[in-house]
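Rule-based calculations on the coordinates, nothing more; no lab input. The structure displayed is predicted, hence computed values, not measured ones. A quick note on method: Cβ atoms are made from the backbone with ideal geometry, for glycine too, and the neighbour counts reach across all protein chains shown.
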Amino acid sequence: MSDTPEGRDERSAIRWLAAGAGASCRLLYLPVDVHTQRARIAQRWAATPDETFPMTEADILDGRAHFEEPDPAELAGHHLDPPPTPWPDWHAWAAARWPSFA
């Protein structure tokens, strides 16, 4: 399992959960340079500190280093990858990833 919240596995699980609930979803990817990202983080922290959490420069750089950019197939939404080994289905993966989901 990818240990980053920005991973393709997490996006696939969310798409599977949405489909299972009868909902549809569409993935939009808008690349953001690190300077814009820092400015947005600072603005959120200044405007609504009770709705966000502090992020260090190391947190930002680590997140960017581990982010899995969506490929054209994922963006098109036509194919849903199977869950990674050893999970038999996305429900089991989601329950392991998000304990409150179980």
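State yes or no: is residue 15 surrounded by 13 or more Cβ atoms within 10 Å (Cβ to Cβ), in contact (Cβ under 8 Å) with a residue 12 or more places away in the chain and under 17 Å from the mean Cα position of the chain (by Cα)?
Details: surrounded by 13 or more Cβ atoms within 10 Å (Cβ to Cβ): yes; in contact (Cβ under 8 Å) with a residue 12 or more places away in the chain: yes; under 17 Å from the mean Cα position of the chain (by Cα): yes.
When the stated conditions are applied, residue 15 passes them.
Scanning for something under 23 Å from residue 101 (Cα atoms), aromatic (Phe, Trp, Tyr) and out of contact with any Cys (no Cβ under 9 Å at 6 or more places or on another chain), does segment 45-64 turn up at least one residue?
Step one: filter segment 45-64 for residues under 23 Å from residue 101 (Cα atoms), giving 51-53.
Now narrow it down to the ones that are aromatic (Phe, Trp, Tyr): 53.
If we keep only those that are out of contact with any Cys (no Cβ under 9 Å at 6 or more places or on another chain) too, we end up with 53.
Looking for residues that are under 23 Å from residue 101 (Cα atoms), aromatic (Phe, Trp, Tyr) and out of contact with any Cys (no Cβ under 9 Å at 6 or more places or on another chain), one finds at least one in segment 45-64, hence yes.
Identify the residue in segment 56-93 that is of a type in the set (A, V, I, L, M, F, W, C), touching a Pro at 6+ places or on another chain (Cβ under 9 Å) and touching a residue at least 24 places away in the same chain (Cβ under 8 Å) and, among all such residues, is farthest from residue 45 (Cα to Cα).
90
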